[in-house]
1. Can you find, within segment 382-435, the residue that is surrounded by the fewest Cβ atoms within 10 Å (Cβ to Cβ) among those that are basic (Lys, Arg) and more than 27 Å from Lys669 (Cβ to Cβ)?
2. With respect to Glu253, is the statement that it is within 30 Å of Ile392 (Cα to Cα), of a type in the set (Asp, Glu), touching an Asp or Glu at 6+ places or on another chain (Cβ under 7 Å) and modelled with pLDDT under 95 true?
3. Output the residues belonging to segment 249-263 that are surrounded by 22 or more Cβ atoms within 10 Å (Cβ to Cβ) and touching a strand residue (DSSP E or B) at 6+ places or on another chain (Cβ under 8 Å).
4. Report yes if some residue within segment 627-650 is in contact with a strand residue (DSSP E or B) (Cβ under 8 Å, 6 or more places away or on another chain), open to solvent by less than 10 Å² (accessible area, probe 1.4 Å) and either within 26 Å of Met524 (Cβ to Cβ) or not in a loop (DSSP other than H, G, I, E, B) (or both); otherwise report no.
5. Just name the residue that is modelled with the highest pLDDT out of those in segment 198-209 that are outside any helix (DSSP H, G or I) and open to solvent by less than 50 Å² (accessible area, probe 1.4 Å).
6. Taking Gln282, is it under 25 Å from Ser387 (Cβ atoms), in contact with a strand residue (DSSP E or B) (Cβ under 7 Å, 6 or more places away or on another chain) and either part of a loop (DSSP other than H, G, I, E, B) or of a type in the set (Gly, Ala, Ser) (or both)?
7. For segment 264-278, which residues satisfy the criterion of being part of a loop (DSSP other than H, G, I, E, B) and open to solvent by 10 Å² or more (accessible area, probe 1.4 Å)?
8. From the list Glu374, Glu319, which residue is part of a helix (DSSP H, G or I), within 24 Å of Lys398 (Cβ to Cβ) and of a type in the set (Asp, Glu)?
Amino acid sequence: MLLADRVLTSRLLATSNAAKWPKVISRCRSAKAWEERRLLALSRTTGRRAEQKWSIRRPNSAPAAFITWLISRLQDLESKSSDAGFATFARNLLAILRDRSLRASLEEQKTTTVEGLDWRPSEHTKPLSLLRSLREAYSSNGKSAADLQLRYAYQGLLTNREFSDIDLNDQQRLADLRYPVEWYPATRAMRRKFIMHVGPTNSGKTYQALKRLEQADSGIYAGPLRLLAHEVFTRLNAKGRKSDLITGDEKNEQEGASLKSCTVEMVPLNVDVDVAVIDEIQMIGHRERGWAWTQAVLGLKAKEIHLCGEERSVPLIRELVASMGDELEINTYKRLSPLETSASLSGRLANLKKGDCVVVFSVVGIHAMKRDIEKATQKRVAIVYGSLPPEIRAQQAKLFNDPENDYDFLVASDAIGMGLNLAIKRIVFESVYKYNGSSHGVLETAHLKQIAGRAGRYRTAAQAEGMAKVQGDVATPKGPTQSPSVGLVTTLERNELSIVQAAMREELEPIMTAGIFPPTNILMKFATYFPPSTDFSYILLRLHELSLMHPRYHLCNLKDQIQIADIIQPVRNLTTRDRIIFCAAPAALRVKGLPDIVAAFARCVGNNTSGALLDIPEINLDLLDEEMRIDREYMSGLEGLHQALILYLWLSYRFAGVFVNQAMAFYVKKLVEEKLDKMLTEYSSSKAIRAGIRKMRKEALRQISKLNQSVPEPDDPQVRIEMPDLPSLVYDTPAEVPEEEELDLKISQIQEQLHGVEELVQHKPDTA
């Protein structure tokens with residue numbers, strides 16, 4: 001049906017080109033996952049923990065494969081490295097690997113698969129620990145990660161030789177991050193009142209907090225997405241309350257404005273206000289972005305702070321508020337309308353009803369689904385996703401909310417889960433699987449429930465204010481609104497409905513820790529202990545490694561910061577502050593050509609040369625003059641250009657004297673978005689591609705049904721049964737068939753790079 005479905009089909013058929021026995025192991029994994037879901041559902045219905053009766057284990061050949069690779073790699077480094085010291089380091093490791101008892105210990109030790117980056121620079125002091133950390137990096141992130149671990153271990157060996165005991169003690173003292181409440185002394189001098197508004201989605205909690213913000217003389221709204229910041233910005237200004245908009249790559253300041261609508265990373269901590277609203281407070285526990293919510297809670301200089309979110313965040317917030325000596329009031333809300341699961345659509349878009357919202361997790365998938373629904377129902381479809389320009393998004397939302405037109409359906413990304421004001425009757429998941437940055441997996445229960453909760457909206461904000469025709473993206477919801485309507489949630493395919501039903505019954509665990517990230521002043525002081533030639537990525541990793549944490553907090557993961565630090569390392573004349581800013585930049589490094597553009601921007605800052613848009617040859621503006629064509633190279637170029645412009649705008653607010661063509665960048669960005677939107681629309685309209693992928697999806701679902709009918713026992717010889725290969729695409733016109741490599745690359749580029757530019761930006765720490 002759509003390109004994104006080909007990814008889903010591959011996942012459902014469980015083939016893996018990377019596995020040693022791809023069909024055998026994938027079959028086992030799929031069966032085991034199905035069994036785990038069955039046992040989980042059984043334990044919920046019976047109230048008892050079900051025991052797993054069988055398991056399938058992969059032969060443990062990973063340690064041997066790793067050792068073979070490591071020996072080969074160290075021999076190569078020893079002979080070819082231009083650094084004599086590093087060659088000696090490699091030679092010594094080879095000598096250590098000849099110790100049979102050490103190798104046996106390494107093979108026996110259970111491999112731990114780590115999430116993200118878990119490189120430990122100081123492990124060079126313990127050979128076995130170093131080898132284990134190399135193996136974990138190899139198992140989790142491949143050969144490149146193990147290479148980086150080797151480099152950091154060597155750099156740590158060189159650097160730490162120059163430190164005295166006093167230096168090491170000072171570093172440890174700076175890395176003591178147990179008391180982040182002390183990072184904001186001006187705020188600690190205030191006596192603040194926290195008011196929590198907690199409850200499920202569609203309970204009116206955010207509405208109540210925003211009502212208080214509208215009445216305040218001065219205030220700040222902090223939201224998780226640019227879309228939400230734009231929506232609140234529009235709402236406040238429509239009601240006559242002048243408000244500024246502040247996001248990572250856009251600032252819209254109104255003369256005489258006393259209110260601000262921001263993304264949470266951009267909240268100004270040095271401004272005194274009467275009221276602040278922090279939305280989606282449960283995000284404080286996020287492994288990568290949680291630091292921004294913690295920073296806002298600990299540092300905002302507001303007399304009254306309203307926290308909106310899930311009830312599972314209450315225990316943690318109670319502890320944080322008590323540690324600051326502030327006052328806390330908790331208001332609990334219930335859903336204004338009931339929420340139920342309904343029968344799936346059985347793969348038939350003709351079963352959609354007025355007011356339905358189909359949730360799709362890729363931009364190209366959204367456009368393709370829109371066209372398919374219009375063809376199947378002969379009705380109009382609105383679309384909403386993160387990278388859609390705000391004006392177009394507002395127009396699309398208004399069309400869907402208006403009951404007087406024929407826009408009966410909405411196709412949206414998971415951005416709607418964060419509180420966008422839409423009159424949705426039923427949520428339909430096109431799939432419950434989503435790409436998480438490294439692999440495809442089932443949506444987290446909390447995220448799934450949050451999206452599902454958008455169904456059955458009691459009333460829009462516009463209705464509550466009697467302003468249905470005033471706000472750009474808020475209007476009268478479809479259907480009757482005199483009494484609460486039942487919200488419904490379901491799936492497009494019958495096979496995935498059980499996952500949604502189980503998630504809706506599941507009780508979420510409370511949030512235990514708040515994310516933090518070392519502030520700029522600590523990073524700068526810590527960096528002074530290292531020689532100027534030390535890689536900044538090593539300094540970041542070393543600080544993370546030494547960090548001492550309170551059980552109430554967790555240190556947010558380093559994501560792209562390490563890669564960016566390495567990219568700009570060769571650039572001269574960059575200060576530590578400059579490097580910190582660049583490491584926080586929203587750079588989607590997976591996009592082809594963007595690492596070179598990041599380096600070019602860094603050279604503009606380091607050399608203090610012109611950052612005019614036309615003077616940076618790495619930005620391919622000539623692409624806009626080319627005739628639009630639907631192929632891999634052209635789309636990849638547009639993606640890279642769009643990401644480059646977002647990064648340029650972000651940097652223009654941090655280095656205003658260097659990147660001076662902000663207005664031009666906004667204009668060019670709009671042109672690129674228009675071309676991308678047109679390309680996606682035309683690409684998704686290919687009948688041959690859509691027909692072939694529909695056939696593949698149907699075959700995948702048939703195989704899942706067969707798989708779910710029987711689960712093998714441990715002694716069953718069919719445990720190693722081979723799953724069928726992916727069915728071939730059948731096209732009416734051979735000329736329309738893309739190459740297999742082209743399809744694969746388009747899937748990875750579109751699914752991973754174009755999936756909500758919003759999310760790519762928001763996943764990066766936005767430093768003000």
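The values are calculated or read from the model by the stated rules, or taken from the named source; none is laboratory data. In this text, all values refer to a predicted model and were calculated from it rather than measured experimentally. Because the Cβ atoms are built from the backbone with ideal geometry, glycine has one as well, and the counts that use them run over all protein chains shown. Areas reflect the complete protein model, heavy atoms only, side chains present, ligands, DNA and RNA absent. Shrake-Rupley method; radii C 1.70, N 1.55, O 1.52, S 1.80 Å.
1. Lys425
2. Yes, satisfied.
3. Answer for segment 249-263, where residues must be surrounded by 22 or more Cβ atoms within 10 Å (Cβ to Cβ) and touching a strand residue (DSSP E or B) at 6+ places or on another chain (Cβ under 8 Å): Leu259, Lys260, Ser261, Cys262, Thr263.
4. Yes: segment 627-650 contains one or more residues that are in contact with a strand residue (DSSP E or B) (Cβ under 8 Å, 6 or more places away or on another chain), open to solvent by less than 10 Å² (accessible area, probe 1.4 Å) and either within 26 Å of Met524 (Cβ to Cβ) or not in a loop (DSSP other than H, G, I, E, B) (or both).
5. Val198
6. no
7. Across segment 264-278, the qualifying residues are Pro268, Leu269, Asn270, Val271, Asp272.
8. On inspection, the qualifying residue turns out to be Glu374.
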